[in-house]
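Okay, so here's the structure we're looking at.
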């Protein structure tokens, strides 16, 4: 009788201690439901939108060309972001303890980095593809294998760049204040339990460079360089299209105006792509840099706000590329047509 009572009391006390530390780690539960709702809405919409892009790509044979593989690749990456990365990020941010083991901690945490690199590199590839197609369309037709090579290089490069994060993240046994250790150790031994673990970014000593160096490098690779490439590519595309239309002598004035209007609309959408990429990923990159430079401390509210902002790109990309790409737009209409009529 005494033993059972002692066990219950120990478990109750241990639960109180864990609850205390969990609450000190998390935000106050006020507003928690709104965060879950926002994540749920974004993940649901992003999943459906990107599944729709992939379904149109796989179902419609005439759009399964090598160039549209770039858009399908972006949709696959954004789908992974909505299905895997976002829920794991939310779980890691809201919960102090990680019960799924060390490998799952490392793999799932590094998937987020892979997602970001694949998305940004694919956006750059789409811009480069459009630039080459606009500048020298006849030569580009013979480069049929280039998109496939780029497709493989993007994923391999993303895995290599994200590899340091895999080794920097690890699980660690949860420890309490020193004066609690003997009591907790005895209680865990009596109850036959193990210490709870946390999934934490705390193993940078394994790597030949610091967290600060890696974070600043990621800022350049994932944000500054792609943004510069996008801006330069689309500005050159706009200049080439306008120059070609204005210097053309085979079209009359009315047709030239129609072509100008259509291309201005396309250029506006391309400009929106650059702006959306810059705006959605700026908070996350700024937060990471300020945090690693120790200008600000970690905050669940700030981190989740920045992550939610970045996630909106996964929802907007399918819409914008559907508007820009005529073949995808036609495929969407053919899929939705029977559903709407029924």
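The values are calculated or read from the model by the stated rules, or taken from the named source; none is laboratory data. Just so we're clear, the structure is a prediction, and the values are computed from it rather than from any experiment. Methodologically, a virtual Cβ is constructed for each residue, glycine included, from the backbone with ideal geometry; neighbour enumeration extends over all protein chains shown.
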Quiz item: Which of the residues that make up the stretch 207-216 are farther than 15 Å from residue 281 by Cα and part of a helix (DSSP H, G or I)?
Solution: 211, 212, 213, 214
Quiz item: Does residue 313 count as exposed (fewer than 15 other Cβ atoms within 10 Å of the Cβ), assigned to a helix (DSSP H, G or I) and modelled with pLDDT of 80 or more?
Solution: no
Exercise. Those residues that are assigned to a helix (DSSP H, G or I) and either at pLDDT 85 or above or over 14 Å from residue 120 (Cα atoms) (or both), I need them from the stretch 64-81; list them, please.
Key: 68, 69, 72, 73, 74, 75, 76, 77, 78, 79, 80, 81
Quiz item: If only one of 271, 308, 320 is modelled with pLDDT of 80 or more and either outside any helix (DSSP H, G or I) or surrounded by fewer than 16 Cβ atoms within 10 Å (Cβ to Cβ) (or both), which one is it?
Solution: 320
Quiz item: Is one or more of the residues making up the stretch 99-118 outside any helix (DSSP H, G or I), more than 23 Å from residue 313 (Cβ to Cβ), touching a residue at least 12 places away in the same chain (Cβ under 8 Å) and out of contact with any helix residue (DSSP H, G or I) (no Cβ under 9 Å at 6 or more places or on another chain)?
Solution: yes
Quiz item: (1) at pLDDT below 80; (2) under 27 Å from the mean Cα position of the chain (by Cα): which one isn't true of residue 276, the others all being true?
Solution: (1)
Practice problem: Run down 53, 132 and say which single residue is in a helix (DSSP H, G or I), touching a residue at least 12 places away in the same chain (Cβ under 8 Å) and out of contact with any strand residue (DSSP E or B) (no Cβ under 7 Å at 6 or more places or on another chain). | Solution: 53
Quiz item: Within the stretch 146-185, can you find the residues that are in a loop (DSSP other than H, G, I, E, B) and at pLDDT 65 or above?
Solution: 174, 175
Quiz item: If we scan the stretch 288-303, do we find a residue that is within 22 Å of residue 37 (Cβ to Cβ), touching a residue at least 40 places away in the same chain (Cβ under 8 Å), surrounded by 16 or more Cβ atoms within 10 Å (Cβ to Cβ) and under 24 Å from the mean Cα position of the chain (by Cα)?
Solution: yes
Quiz item: Going through the stretch 110-139 one residue at a time, which ones are at pLDDT below 85 and over 30 Å from residue 239 (Cα atoms)?
Solution: 112
Quiz item: For residue 236, all conditions in the list (1) touching a helix residue (DSSP H, G or I) at 6+ places or on another chain (Cβ under 9 Å); (2) at pLDDT below 70; (3) closer than 17 Å to residue 324 by Cβ hold save one; what is the number of the exception?
Solution: (2)
Quiz item: Residue check, residue 221 against (1) more than 26 Å from the chain's Cα centre (by Cα); (2) at pLDDT 85 or above, all met but one. Which one?
Solution: (1)
